[in-house]
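J.: Questions regarding the structure given below will be posed in turn.
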Amino acid sequence: MYIIGERINGMYSDVKEAIQNKDGEFIVKLAKEQIAAGCDALDISAGPVKGNASDVMKWLVETVSSAVDAALCIDSPHPDVIKAGLGEAKGTTIINSMKKSPEHIEKLLPLALEHNSSLICLLMSDAGIPHDINGKMEIAVELFETVVGSGMDSSKIFFDPILLPISNAQKDVFESFELMDQLRMLTSPAPNIIVGLSNLSQKAKYRSLLNRTYCTMAMSHGLNAAILDPMDEKLMHSVKTAEILLNEKLYAKSYLT
Ligand code: THG
């Protein structure tokens, strides 16, 4: 599993406050804690900001890059904000995200190639999120052809089926497993599949339980990456255990004992 730490996101009230106060120390602390907890990359999102989101993104990326050298997942629905973030990043980057929209494709594809970034492709278009699996599969095929046709290696593409909160989309959550089954038949080797895991449990009481149960179930349908809270120890232990049960990692004696 490729794990992207979700905590540096203005959606979190503590991060929102740190952004307002330009509290770089708080952001760096979150970066270091997530890396210590075992994530492979850090998601960086300004969240819903008043004012200039590009400036906030630049500050966040600059702050994190000056303190740690983890891969950064530059997260914004606005291509211009992503561009601003990529400009400040020093190492490995992931663009989060591109949907099937002429503006997104025109702006983000050249950026991904220029920065040698990986690219998260949302299975939605300008028209919104398709309501059925077929609609999402069509978008996956079209985006895959466009991205690979531009010269990018398919291993750098991550399909994101768009995980919705179970509180109002129980059926979509269930269907995401079937969608993943179909996605992994699309190419050989199977494509990367990612979700924003905490979306699932918004407005639910037992968030960690929902997140880790879904995560291990989805892993058995081809999920191999997630944006999640790596400080959730039970979740991280579940992920490691599922990796062994799925024969993706050799178990060390230390695991059994
Ligand atoms: N796909 C991709 N990128 C994404 C998402 C996705 N990026 C953002 C998001 N979804 C994943 N990250 C989060 C981060 C936080 C929460 C959910 C998803 C979250 N936050 C608390 C809440 O809203 O309840 C904040 C609580 C607080 O203020 O402390 O749930 O799907 N490609």
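Every number here is computed from the coordinates shown, using simple stated rules; none is lab data. These numbers were taken from a predicted model, which means no experiment stands behind them. Positions of Cβ are generated from backbone atoms using ideal geometry, with glycine treated the same way; all protein chains shown enter the neighbour counts.
J.: Taking loop as defined by DSSP and a crowding limit of 14 other beta carbons within 10 Å, which trypsin sites (Lys or Arg not before Pro) in the stretch 185-245 fit?
T.: LYS203, LYS205
J.: Please compute the Cα-Cα pair-distance distribution of the chain with 10 Å bins starting at 0, giving whole percents from short to long.
T.: 7, 31, 37, 22, 3, 0
J.: Counting other Cβ atoms within 10 Å, which trypsin sites (Lys or Arg not before Pro) in the stretch 86-168 have at most 15 and lie in a DSSP loop?
T.: Passing sites in the stretch 86-168 are LYS90.
J.: In addition: Just to be sure I understand: with springs between alpha-carbon atoms less than 10 Å apart, which residue in LEU246, LEU210, LEU72 has the highest mean-square fluctuation in the Gaussian network model of the chain?
T.: LEU246
J.: A follow-up question, please. Take LYS171, project a point 7 Å from its Cα along the Cβ direction, then tell me which residues of the stretch 120-146 have their backbone nitrogen under 12 Å from it.
T.: Counting backbone N atoms under 12 Å from the label point, the list is 131-133.
J.: How would the stretch 165-257 be classified by its alpha-carbon gyration tensor: rounded, prolate or oblate, with rounded meaning a/c under 1.5 and the a/b versus b/c comparison settling the rest?
T.: Cα axes put the stretch 165-257 in the oblate bin.
J.: I would also like to ask the following. Can you work out the Karplus-derived ³J(HN,Hα) for every residue in the stretch 45-54? Use 6.51 cos²θ - 1.76 cosθ + 1.60 with θ = phi - 60°, whole Hz, and x for glycine or proline.
T.: 9, 6, x, x, 9, 7, x, 8, 5, 5
J.: Could I ask something else about it? Near the amide H of ASN9, under 5 Å away, which other amide H atoms are found, from residues 5 or more places off or on another chain, if H is placed in the peptide plane?
T.: Amide H neighbours of ASN9, under 5 Å, 5+ apart: SER45.
J.: With all pairs of different alpha carbon atoms counted, what Kirkwood hydrodynamic radius in Å does the stretch 1-55 show?
T.: 11.6 Å
J.: Can you pull out the trypsin sites (Lys or Arg not before Pro) in the stretch 1-52 that DSSP calls coil and that have at most 13 other Cβ atoms within 10 Å?
T.: Those that pass, being in a loop and sparsely packed, are LYS22, LYS50.
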